[in-house]
Amino acid sequence: MPTLPDSSELLPVLWFTFGQAFVSAGLAVVLGFLGALGLQWVGVRLGPRSSRTAEVMSLLPNVAPVLVFILAMFRFAPSLKGFAGVVVAHALLNVGLVSVALTRAIQDKLSGMADLAWIEGAGRIRFLRRVAIPLLRGEILALFLFVFAICFASFAVPMMIGGTRGTTIETLIWQKIRLGGDWSSAIGLSILQFAFLMALAFLLGREPATPIAGARSGQRILSWAGGVPFLLAPTVFILLTLLENPFAGLSQLGAGSAHSFSELVADKLVASFFVSFLSGSLIVGLLMTIAYLDPRGVTRRLLLGAVAPSAVITGFAILFLWRETGTATLIKISIGLALVATPAFYRLRWDGVLSSLRGQRSIAETLGASRSLIFRKIVWPQTIGAACFVAGLASLWAWGDFALSRVVAEGDVTLALIVQSLMESYRLELALTLVWILILGSAVTFFIFEGAGRVLGSKSQT
Amino acid sequence: MERKKFLRAASGPLALLILLIAGITWLTRERAERKHDVLHVMSYSSFVSAWGPAPELAKLWKAQTGLDVEFQDASDAGLILEKMKLFPVDAVIGLDQLSLDDARERQAWRQLPESIASGAKPFNEFLPIDYAAVGFIFREGEIEPPKSLSDLADPRFRGAIALQDPRSSSPGMLFFFWVLDRMGVEEGFKFLESLKPNVAVVASGWSGSYGAFTKGRAKTALSFVTSPAYHWSEEKDRRYHAAVFEEGHPIQTEYAAIPIDCRSCETAERFLSFLRSPEAQAIIMQKNVMFPIDPDVRKGTVFTELNEPQTYVMKSLPELQKRRAELFERWRAMGL
């Protein structure tokens, strides 16, 4: 029977969790908006290839282990601690993701208007205030909720930067399971977490999205060079930390391992590719199923508020249902990651994409088209590209995940788990060297999904 | 025509997915068939990893007995008791003295035969396999090392100390109880309060705080007094040392045990006995960077050069353990 800890224990934790998540999400959205203007500038001035490279680079904080970012924070802002430190760290960790998602939304929704406004000589600020922000309100709220949910369930950042008061509900869940096997409190807290986010989703509601524009391109009026530092600063911090002592990791190479280094990495590299590819594919499948079913009303609100329970609870639930080990572990991890990521990405982008098709669906329904015909003719061609893009983002996460993977796996089955093990056995420098392979692998997977989205989208439309 | 196009677009990924699932099913079935004659042992991640003792222990065990042992990762040592409910195992490695009462409460364990249990204390279900005192590691030339617990509050350590949170880390919990036992609960919290300006980081686990230390973000870190052995032997870096405190240091002992519902119980007993053999103890010492139970195993290694400080016995530990929830809440509220 789920229970909750005493109010004296719960309330301060709840207050801190909510406060830091709210302010972090707000700051991430503001900085992410500026970053999106920077990303537009890269697209307009340096071309689409540079824009895609900048996109992937800005997502690096979502791939690298969070400890690398925390070490970067200690280096570049050692005095930034406590509540303010947690908020800044969370905002910087998510600014790339927000920028990329907002850029897509800007290109989807504002292309035509922005070009016209530019030709007519409208000012940037005026266009932002009168057109862009009001039209993107739904996306901005969805992004706020997305980052809020991530920060709400954050574990390492609040603890290491926020000090002992930096205790979130996630920390409390971990503590309850770890110290006394108190599953009733852990599940009670997880339900509370779920209810809280659900309530917020209902409270914030969602603006209906406007139709997707035909051509997607960067808009001059919404491009600003000053936004580039906001976009890439967290990535630069991480890269500088990774480059701090570049040869130290190589000196730890192979030392003390029962297997050869190349044997270990090659094996795990394939496993990491498998997990990221399978979890991305499952997400495409889940998102397209949602697109086929087209949830509305309460179902849609429920999906908007849905959030996966803490990694440790999700992990144990998966183990409870399926105990096979070996290759099955990789499938379990992929399924777990897909289940955790799908509600988040539904909030982030998918709901907006589906909302933009409502008009076309209604017309087709009025004309007597069946659900499957509508899916094939209207939904699939216009959404598969976006689904693959979202899957690409999720595959980045999959490369760097060790929270869920560690609970589910029976050993170091992926590269991220090897990195964590190295950190736990004195070999931090070698772990940081391996992070480069994580970054490279995740970029490749992201581009595979993005490319697949383009090919499938254009094939379906011809 | 339209349907054809749609099917053509979807057929590629669909075929790939079917192939993938078929392959996976075949691979996992083969694996499941192979598992029956294997001894299953659960431990925490860094013990099981390629850099930990498990792979070499498995090789040695196979060479000595011809039997296979499969190590299973429980993630954190604190999750062993939870994960073994889902994956019944023949033995576990990684319980520490702070978790023994809890382990006895939540799981029934097999009494070890006298031949193995001679070194088992305080209960004869749990066999100690390695140990080390917790303490503070520093790099020579960076700071004048602390000489006692109270010395940690000295202004010369401003922003220099890396600690671990007792709620999520075993060494962190040992340090927390060490302070409260040595100084008393009230004075202990006053002392921890006075440490605030000196604490650079309180990490959730050992890797976070020790990583901050090795990357130079802190000048001293809570770890084990055996930690310098890694830097001396693997990195050939002799700057790392453990500070020796005049009041002595509490010891963390790691235990192995056999759950009552073991399947290969006799083999598990042989395995525990094997863990105390000099060869296995040498592997555990080198790979886990902890002292072996048998002191002779250290001979000819850097472990003989390490400081082994006087042991600090925590007399009020049972009482502190009982008040754990309340004390943790005070720790949280303190805002260290």
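The values are calculated or read from the model by the stated rules, or taken from the named source; none is laboratory data. Everything quoted here is computed from the prediction, not taken from an experiment. We place every Cβ from the backbone using ideal geometry, glycine too, and count neighbours over all the protein chains shown.
Considering the stretch A:168-186, the residues that are in contact (Cβ under 8 Å) with a residue 40 or more places away in the chain and more than 24 Å from the chain's Cα centre (by Cα) include one that is nearest to the other protein chains (Cβ to nearest Cβ), namely A:ILE177. Looking at the structure I just gave you, is A:LYS109 within 14 Å of chain B (Cβ to nearest Cβ) and modelled with pLDDT under 85? Criteria not met by A:LYS109. Restricting the stretch B:89-139 to residues that are without any contact (Cβ under 8 Å) to a residue 12 or more places away in the chain and within 30 Å of B:LEU163 (Cα to Cα), the residue that is nearest to the chain's Cα centre (by Cα) is B:LYS121. If the condition is being over 22 Å from A:GLU324 (Cβ atoms), touching a Leu at 6+ places or on another chain (Cβ under 8 Å) and surrounded by 20 or more Cβ atoms within 10 Å (Cβ to Cβ), then the stretch B:64-80 contributes B:ALA77, B:GLY78. Report, by residue number, each residue of the stretch A:259-314 that is assigned to a loop (DSSP other than H, G, I, E, B), touching a Phe, Trp or Tyr at 6+ places or on another chain (Cβ under 8 Å) and within 30 Å of A:SER370 (Cα to Cα). Listed by number, the list holds a single entry, A:ALA306. Would you confirm, using the coordinates I've provided, whether A:LEU354 is within 17 Å of the chain's Cα centre (by Cα), crowded, with 18+ Cβ neighbours inside 10 Å, modelled with pLDDT of 85 or more and not basic (Lys, Arg)? Answer is no for this residue. Residue-level analysis places A:VAL87 among those that are crowded, with 24+ Cβ neighbours inside 10 Å and under 30 Å from B:SER204 (Cα atoms). Scanning the stretch A:62-88 for residues that are within 12 Å of chain B (Cβ to nearest Cβ) and of a type in the set (Val, Ile, Thr) returns A:VAL66, A:VAL68, A:ILE70. Taking the conditions (1) assigned to a helix (DSSP H, G or I); (2) at positive phi in turn, B:GLY300 satisfies each one other than (1). When A:LEU404, A:LEU440, A:LEU417, A:LEU422 are checked against the criterion of being away from chain B (no Cβ under 13 Å) and either in contact (Cβ under 8 Å) with a residue 12 or more places away in the chain or aliphatic (A, V, I, L, M) (or both), A:LEU440 stands alone in meeting it.
In the stretch B:229-236, is there at least one residue being among the aliphatic types (A, V, I, L, M) and within 13 Å of another protein chain (Cβ to nearest Cβ)?
Our first condition is that a residue be among the aliphatic types (A, V, I, L, M); within the stretch B:229-236, this holds for B:229.
Filter again for within 13 Å of another protein chain (Cβ to nearest Cβ), leaving B:229.
Scanning the stretch B:229-236, I find at least one residue that is among the aliphatic types (A, V, I, L, M) and within 13 Å of another protein chain (Cβ to nearest Cβ), so the answer is yes.
The residues of the stretch A:25-66 that are modelled with pLDDT of 90 or more, under 15 Å from the mean Cα position of the chain (by Cα) and under 17 Å from A:CYS151 (Cβ atoms), listed by number, are A:ALA25, A:ALA28, A:VAL29, A:GLY32.
Could you grab me the full set of residues in the stretch A:398-455 that are assigned to a helix (DSSP H, G or I), among the charged types (D, E, K, R) and within 24 Å of A:SER281 (Cβ to Cβ)? Matches in the stretch A:398-455: A:ARG406, A:GLU450, A:ARG454.
Flag not set for A:LEU10, criterion: of a type in the set (A, V, I, L, M), modelled with pLDDT of 90 or more and at negative phi. Just checking, does the stretch B:279-292 include any residue being of a type in the set (Gly, Ala, Ser) and modelled with pLDDT under 95? The answer is no; no qualifying residue exists. Quick check on the stretch B:145-161. Is at least one of its residues within 14 Å of another protein chain (Cβ to nearest Cβ), more than 20 Å from A:LEU179 (Cβ to Cβ) and either part of a strand (DSSP E or B) or not small (Gly, Ala, Ser) (or both)? So far as the stretch B:145-161 goes, yes, one or more of its residues are within 14 Å of another protein chain (Cβ to nearest Cβ), more than 20 Å from A:LEU179 (Cβ to Cβ) and either part of a strand (DSSP E or B) or not small (Gly, Ala, Ser) (or both). When we screen B:ALA103, B:ALA200, B:ALA120 for residues that are in contact with a Lys or Arg (Cβ under 9 Å, 6 or more places away or on another chain), surrounded by 17 or more Cβ atoms within 10 Å (Cβ to Cβ), aliphatic (A, V, I, L, M) and modelled with pLDDT under 95, the only hit is B:ALA200. In the condition set (1) more than 16 Å from A:SER272 (Cβ to Cβ); (2) at pLDDT 90 or above, A:TYR426 is compliant with all but (2). The sole residue among B:LEU79, B:LEU127, B:LEU86 that is within 26 Å of B:VAL225 (Cα to Cα) and at the interface with another protein chain (Cβ under 10 Å from one of its Cβ atoms) is B:LEU79. Can you find a residue in the stretch A:370-392 that is buried (at least 21 other Cβ atoms within 10 Å of the Cβ), out of contact with any Cys (no Cβ under 7 Å at 6 or more places or on another chain), at the interface with another protein chain (Cβ under 10 Å from one of its Cβ atoms) and free of Cβ contacts under 8 Å to residues at least 60 places away in the same chain? Yes, the conditions are met somewhere in the stretch A:370-392.
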